Amino acid sequence: ETGVTQTPRHLVMGMTNKKSLKCEQHLGHNAMYWYKQSAKKPLELMFVYSLEERVENNSVPSRFSPECPNSSHLFLHLHTLQPEDSALYLCASSQEASGFNYEQYFGPGTRLTVT
Amino acid sequence: GQSLEQPSEVTAVEGAIVQINCTYQTSGFYGLSWYQQHDGGAPTFLSYNALDGLEETGRFSSFLSRSDSYGYLLLQELQMKDSASYFCAVRDNFNKFYFGSGTKLNVKP
């Protein structure tokens, strides 16, 4: 595996379900990100982890819960979602060095549909 | 707050040149990046400008004017495979990235 991988690629869940999205990066990077991409809207940054510590929450509802057990893996735990949470969820990674970090590598995303 | 403005859609023909503009308003600025995203695919990094001026990478060039809070992506010798969405993004002082809504480029034969 190379780059950034995400599983599952597609997910349909009911509003009462609990599911998790997984992201893995094989690039040796030290920062990872979750983004939400909805149609006709900018990519919305949800969470940032740098050196496995969460550095940005960005006012995301508590029904989204991130977890970063190590520098290569990132999870997004989902529970009691709403239909408006249906979107493409993208994971990205980057190498943060001396404050310079401008290139992010994105995974293919998980297309989430909440019914 | 942070905001980036770019046109929603641009159409051009094969072989032509197209310019996609981006204006931004952010607190703290480290640089302007451009990403390409094909339908169903992941965004991929194209270019980055931290200083004023033009950066050229093959058929693609990117320009930045920090005083005008403005940049653009220039695509030359357009090919059908260039049909995609193009996003500008700004990094602030806190390692946070802000993206525009994207410009959908349609390349026609």
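The values are calculated or read from the model by the stated rules, or taken from the named source; none is laboratory data. Everything quoted here is computed from the prediction, not taken from an experiment. Methodologically, a virtual Cβ is constructed for each residue, glycine included, from the backbone with ideal geometry; neighbour enumeration extends over all protein chains shown. These area figures cover heavy atoms from the full protein model, side chains too; ligands, DNA and RNA do not enter into them. Shrake-Rupley method; radii C 1.70, N 1.55, O 1.52, S 1.80 Å.
Please give the number of the condition A:Thr80 fails out of (1) without any contact (Cβ under 8 Å) to a residue 12 or more places away in the chain; (2) open to solvent by 60 Å² or more (accessible area, probe 1.4 Å); (3) over 12 Å from the mean Cα position of the chain (by Cα).
Checking A:Thr80 against (1) without any contact (Cβ under 8 Å) to a residue 12 or more places away in the chain; (2) open to solvent by 60 Å² or more (accessible area, probe 1.4 Å); (3) over 12 Å from the mean Cα position of the chain (by Cα), the one that fails is (1).
Out of all the residues in region B:69-109, which are within 14 Å of chain A (Cβ to nearest Cβ), open to solvent by 40 Å² or more (accessible area, probe 1.4 Å) and among the charged types (D, E, K, R)?
Residue satisfying the conditions is B:Lys104 alone.
Could you grab me the full set of residues in region A:1-43 that are assigned to a strand (DSSP E or B) and open to solvent by 70 Å² or more (accessible area, probe 1.4 Å)?
If the condition is that a residue be assigned to a strand (DSSP E or B) and open to solvent by 70 Å² or more (accessible area, probe 1.4 Å), then A:Thr7, A:His10, A:Val12, A:Lys18, A:Lys19, A:Lys22 are the ones that fit.
All but one of (1) over 19 Å from A:Met32 (Cα atoms); (2) facing another protein chain (nearest Cβ under 8 Å); (3) open to solvent by 10 Å² or more (accessible area, probe 1.4 Å); (4) of a type outside the set (Val, Ile, Thr) hold for B:Gly41; which doesn't?
(1)
Consider only pairs whose beta carbons are under 8 Å apart and that are at least six residues apart or on different chains; among these, list those whose first residue lies in region B:1-23 and is touching a residue at least 24 places away in the same chain (Cβ under 8 Å) and whose second residue is among the basic types (Lys, Arg) and assigned to a loop (DSSP other than H, G, I, E, B).
From residues that are touching a residue at least 24 places away in the same chain (Cβ under 8 Å), the pairs are B:Ser8/A:Lys40.
Which of the residues spanning region B:4-15 are among the small types (Gly, Ala, Ser) and surrounded by 13 or more Cβ atoms within 10 Å (Cβ to Cβ)?
Within region B:4-15, just B:Ala12 meets the criteria.
Go through (1) closer than 30 Å to A:Thr5 by Cβ; (2) open to solvent by less than 40 Å² (accessible area, probe 1.4 Å); (3) of a type outside the set (A, V, I, L, M) and name the single condition B:Thr26 misses.
Of everything listed in (1) closer than 30 Å to A:Thr5 by Cβ; (2) open to solvent by less than 40 Å² (accessible area, probe 1.4 Å); (3) of a type outside the set (A, V, I, L, M), B:Thr26 misses just condition (1).
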